[in-house]
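Taking it in order: structure first as structure tokens, then the write-up.
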Amino acid sequence: MTNPWLQIPAADYEGHMSSPEIAQQQFLARTFQESLGKYESGSIAMLGCTTGNGLEHIDPAVTKKVTAVDINPEYLEILRRRHARLVAGLEVVEADLETCALESSAYSLVFAGLIFEYVQPQILLPKIAGWLRDGGVMVAVLQLPAKNHTKVSQSRFESLKALAPIMQLVPPRQFKSIANDAGLMEAESKTVHLESGKPFYIGTYAKR
Ligand SMILES: C[S@@+](CC[C@H](N)C(=O)[O-])C[C@H]1O[C@@H](n2cnc3c(N)ncnc32)[C@H](O)[C@@H]1O
């Protein structure tokens with residue numbers, strides 16, 4: 001089966017995620033920016049990077065290497081156009097996160113915003129543990145279930161509906177247990193409610 005993400009035009013994705021009533025793109029960019037401020041960010045892997053949301057916050061004096069991974073080549077082409085000149089040491093990788101290999105022990109910060117809804121944590125978390133250097137951290141954002149909200153928010157962008165059958169919400173407790181087994185320990189976590197009412201978990205995990 002073709003991954004439905006390959007059929008969602010970048011314009012639809014960005015239109016949907018940044019629309020005022022959804023505002024998840026702004027939330028993720030803010031969360032990435034906060035991570036840059038809080039954690040060592042000399043070398044970063046951004047997993048499920050789409051068109052590079054948040055990369056505008058990188059300070060090239062601090063960050064020397066950024067690896068941005070996504071399965072959708074159109075998103076990555078836009079990311080390159082927007083950020084190649086601004087972000088030092090940008091490496092763009094078109095790959096499936098369940099099978100791709102990145103340099104081991106190379107990253108001080110791995111940012112994984114709304115990707116575990118599409119990629120199995122049992123497969124990806126041990127890989128992330130291998131990509132982090134000692135003392136490195138992963139910041140993961142998970143969507144939480146909410147009674148009055150559909151998993152994929154409603155919008156005028158019909159193509160996003162293709163995600164509903166593949167999107168799996170991962171309960172933070174289960175996520176934490178899989179992360180622990182992979183050698184990643186929760187250092188901090190919080191729940192954030194967007195104005196829409198949709199709740200999200202933000203967890204920071206340190207490599208043991
Ligand atoms: C909800 S978006 C992530 C949002 C983004 N992290 C941000 O901060 O704005 C999910 C992204 O993961 C990508 N993706 C989904 N499944 C993937 C896979 N198996 N391997 C690599 N990328 C994948 C999609 O193409 C999409 O760009």
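The values are calculated or read from the model by the stated rules, or taken from the named source; none is laboratory data. Keep in mind that this is a model prediction, so the values were computed, not measured. Here the Cβ is made from the backbone with ideal geometry for all residues, glycine too, and neighbour counts use every protein chain on show. These area figures cover heavy atoms from the full protein model, side chains too; ligands, DNA and RNA do not enter into them. Shrake-Rupley method; radii C 1.70, N 1.55, O 1.52, S 1.80 Å.
Summary of computed values
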quantity	calculated
Calculated FRET efficiency for the pair K64/H149, C-beta based, R₀ 35 Å, to 0.05	0.35
Rg(Cα)/(2.2 N^0.38 Å) for the range 106-208, N = residue count	1.13
Evaluated over the range 4-207, the Cα radius of gyration and Dmax, each in Å	15.8, 44
Gyration tensor verdict on the range 39-125 (Cα atoms; rounded if a/c is under 1.5, prolate if a/b is larger than b/c, oblate otherwise)	oblate
Lysines whose Cα lies under 28 Å from that of K64, excluding same-chain neighbours fewer than 8 positions away	K38, K127, K207
Full-extension gain in nm, E188 to E74, via 0.36 nm per residue minus C-alpha separation	37.6 nm
Taking the C-alpha atoms of the range 1-84, convex hull volume expressed per residue in Å³	98
Cβ-Cβ FRET estimate between Q7 and E34, R0 fixed at 30 Å, reported to 0.05	0.40
Mean accessible surface per residue for the range 83-181, computed with a 1.4 Å probe while every protein chain stays in place, in Å²	50
Helical mean residue ellipticity (222 nm; -39500 (n - 2.57) per DSSP H run of 4+; nearest 500) of the chain	-8000 deg cm²/dmol
Under 17 Å from the Cα of K190 - aspartates and glutamates, other chains or at least 8 residues apart	E34
Chain lengthening between R156 and E56 when straightened (0.36 nm per residue, less Cα-Cα)	33.3 nm
Antiparallel %, DSSP beta bridges [both residues in the chain], to 5	45
